[in-house]
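The values are calculated or read from the model by the stated rules, or taken from the named source; none is laboratory data. Since the model is a prediction, treat every value here as computed from it, not as a measurement. Cβ sites come from the backbone with ideal geometry, for glycine too, and all protein chains shown count toward neighbours. Heavy atoms of the whole protein, side chains included, go into the accessibility calculation; ligands, DNA and RNA do not. Shrake-Rupley method; radii C 1.70, N 1.55, O 1.52, S 1.80 Å.
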Amino acid sequence: MGSEAMATSGGASKKTSGVVASVTSPGASILKPRLMRIASLRDETTDVRTLRLEPADATKPPTWRAGQFGHFSVFGVGEAVFTMANSPTRREYAECSFRALGKVTNGLRGLSVGQVIGYRGPFGNSFDVDGW
């Protein structure tokens, strides 16, 4: 499809310049972040943290395929890209792991349970796990 844009509504997918994004609600824009609440956090090491995220509203958590990634926003600080850290078969929540190295990751590190961040995605191609 080259750089053509494909868009449909109601839980469909959008394609722009070869990047596929799943849109989970009718009329949703892949450019507008979904609000995700930090349900729990876990320090993996002294500088690596994993956030478990759930929708801040009554919608379903995002769905993704193995190998896809999302844009995670700390409002007023910035946005960074991370691969989803948990299996796409665990549909109740989404997790992202990051190492505190820069402005956004240090901003994420400073957040606590109950606070809200933005999420856009999923983006990118996936791995053909079923074909393996």
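Accessible area per residue for segment 23-109, computed on protein heavy atoms with a 1.4 Å probe, is 54 Å². Remark: spin-label model distance V113-A66 equals 3.1 nm, labels positioned 7 Å along the Cα→Cβ axis. The packing ranking, built from the mean of other Cβ atoms within 10 Å per residue, places the peptides 49-55, 62-68, 108-114 in the order 49-55, 62-68, 108-114, highest first. Placing a label point 7 Å from the Cα of V48 along the Cα-to-Cβ direction, the residues of segment 80-106 whose backbone N falls under 17 Å from that point are 82-87, 95-102, 105-106.
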